[in-house]
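Have a look at the structure below before the remarks.
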Amino acid sequence: MTRVFRFWMLLGACLFVAGCSGDGTWGWYVIDPTTSQGQSNVRFLIGGFWATIQLSLIAALMSMTLGLLVALPGMSTNRWVRLPSRVYIEFVRAIPLLPMLFWVFYGLPVVMRSLGFPITIDAFWGAIITLAISDSAFTAEIYRSGIQSIPKGQTEAARTVGLTYNQTMRYVILPQAIRRILPPLANQFIYIVKMSAFASVIGMQELTRRANELVVTEYRPLEIYSLLILEYLVLVLIISFFVRWLERKMGADESR
Amino acid sequence: MNAERVIEISSLNKSFGDFQVLTNVDLNVSLGERIVICGPSGSGKSTLIRCVNGLEQYDSGSISVDGISLSAPGGVERVRAEVGMVFQQFNLFPHLTVIENLTLGPMKARGLTRKAADALAMEYLERVRIPEQAGKRPRELSGGQQQRVAIARSLCMKPKIMLFDEPTSALDPEMISEVLDVMVELAQDGMTMLVVTHEMGFARKVADRMVFMDSGEIVETGTPADVFEAPKTERFKAFLEKILQH
């Protein structure tokens, strides 16, 4: 953790010194907050944070819900109940994000219209739907492995003291499984944040899109993309800090 | 014995794939009877008692407990309400305290209030002599204490019959007797018990009948006095020599 931090500090310092050398190949002025132009550029770039966060949060919540709905039948003892869940997971996992994004954004409205549901999907919801579906295959697997990691003896003991299947899940299995599910689930959120950058290609005004637009007008890709990477870094570091905290808390709970 | 029959098992067969675990097992248990089942590992003894409360399915034959057939609709649930079970690995709920382990069943399955369930739980914790551990988590207890909690948890459901699946096999030697003592007391109170164990001292003390199983069959049954003095079959003799030589 501290080594990674030191690396980035060093890299940042090198880039900055190089940029200030004034030999004409670097131009940090483009995002220099002491000039009014630089300041408005930075403000424009940072203005994408909210969209990225909104996008990631909503997509993550949808993915968690969808994932549970896929995971529960996936653990049935009946193979015909299990099958659709398996097919969904294998299918969704196999589709690269970008093609799915194009399909949802350009194709899904056409499909829906032909089915008699004329809907429009804007870039925001197109990106959310795509991220949620694509991520749900992974959250489903996280739920499944979490629940199945609870020893079978727990279910047996619960059933022998008279609990029904639902009571067993609710009072015995899920409270134990949640401790193993939450940390990887929060970790998965980091992927969603990073994958949300793809939303830029369908015109969603988030961090990456704004950086692209500024690059087109300022011709300073190195400086602008450096700042963009830094923006994602800040976001992800905050989340991983939260994940660590969650892991510690859940671990402490379990050993209590 | 003419007493009321509480468990009737007849021509029970079960296999895991190609492996025949139980072959034509017949066993009747009367109310208040204590039966110790022994045999080499893989002989099907655990599977047999797990069949009694429906934790394992069987392929053919029939089991009825207190007049309720396991194969009847809802039979498994009704039988489980009559039968308590203690496992080799205790299977306590690690996220709950000791007393919560005991009250979960009575509250959720029997609809007792927390107050009534707590009182019931404390009564049984006293009986297994660890009321002072009520507020602790299972992992803070020794193995012997955990197994006694597990016994108390089963008793809280007021079962008519108790099944014990190698209750002392996972325990350190110095903790075995504290668990066996509780089981002996339970036997003296007249509980109907089916115990899978290798503790022959316990068997001698409490068993009304010994059942020796090998390769999925009941090979020999008899009172402890008879079978220990004069085992009728070579297989049982060989088994006894192996486990009693130390």
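No lab work stands behind these numbers, since they all come straight from the coordinates. Keep in mind that this is a model prediction, so the values were computed, not measured. When we count neighbours, we look across all protein chains shown, and the Cβ atoms used for this are built from the backbone with ideal geometry, even at glycine.
Below is a table of values for the structure above.
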read-out: Residue in the stretch B:122-135 that is closer than 21 Å to A:Thr168 by Cα and either in a helix (DSSP H, G or I) or of a type in the set (A, V, I, L, M, F, W, C) (or both) present; value: no
read-out: Condition met for B:Val25 (within 22 Å of B:Thr197 (Cβ to Cβ), more than 14 Å from every other protein chain (Cβ to nearest Cβ) and among the hydrophobic types (A, V, I, L, M, F, W, C)); value: yes
read-out: Pair list, Cβ under 9 Å, 6 or more apart: the stretch B:142-167 residue buried (at least 24 other Cβ atoms within 10 Å of the Cβ), other residue assigned to a loop (DSSP other than H, G, I, E, B) and of a type in the set (Lys, Arg); value: B:Arg148/B:Arg129
read-out: Filter pass, A:Arg180 being touching a residue at least 24 places away in the same chain (Cβ under 8 Å) and charged (D, E, K, R); value: yes
read-out: Residue ID - farthest from the other protein chains (Cβ to nearest Cβ), chosen from residues in the stretch B:62-84 that are over 14 Å from B:Ile9 (Cα atoms) and touching a Ser or Thr at 6+ places or on another chain (Cβ under 7 Å); value: B:Gly75
read-out: Evaluation of B:Leu22 against (1) surrounded by 16 or more Cβ atoms within 10 Å (Cβ to Cβ); (2) outside any strand (DSSP E or B) (one fails), failing number; value: (2)
read-out: Of all residues making up the stretch B:57-71, the number that are touching a residue at least 60 places away in the same chain (Cβ under 8 Å) and in a loop (DSSP other than H, G, I, E, B); value: 1
read-out: Filtered residues of the stretch A:130-154 (kept if more than 8 Å from chain B (Cβ to nearest Cβ) and touching a Phe, Trp or Tyr at 6+ places or on another chain (Cβ under 9 Å)); value: A:Thr130, A:Leu131, A:Asp135, A:Ser136, A:Ala137, A:Phe138, A:Ala140
read-out: Counted residues, the stretch A:198-226 - those being among the hydrophobic types (A, V, I, L, M, F, W, C) and crowded, with 20+ Cβ neighbours inside 10 Å; value: 8
read-out: Residue list for the stretch B:207-220, restricted to those being under 17 Å from the mean Cα position of the chain (by Cα) and buried (at least 20 other Cβ atoms within 10 Å of the Cβ); value: B:Ala207, B:Arg209, B:Met210, B:Val211, B:Phe212, B:Met213
read-out: Counted residues, the stretch B:85-109 - those being at the interface with chain A (Cβ under 7 Å from one of its Cβ atoms) and outside any loop (DSSP other than H, G, I, E, B); value: 5
read-out: Every residue from the stretch B:30-56 that is polar (S, T, N, Q), in a loop (DSSP other than H, G, I, E, B) and either within 19 Å of B:Met191 (Cα to Cα) or touching a Cys at 6+ places or on another chain (Cβ under 6 Å) (or both); value: B:Asn53
read-out: Only one of A:Tyr232, A:Tyr225, A:Tyr191 that is under 30 Å from A:Asp122 (Cβ atoms), in contact with an Asp or Glu (Cβ under 9 Å, 6 or more places away or on another chain) and of a type outside the set (A, V, I, L, M); value: A:Tyr191
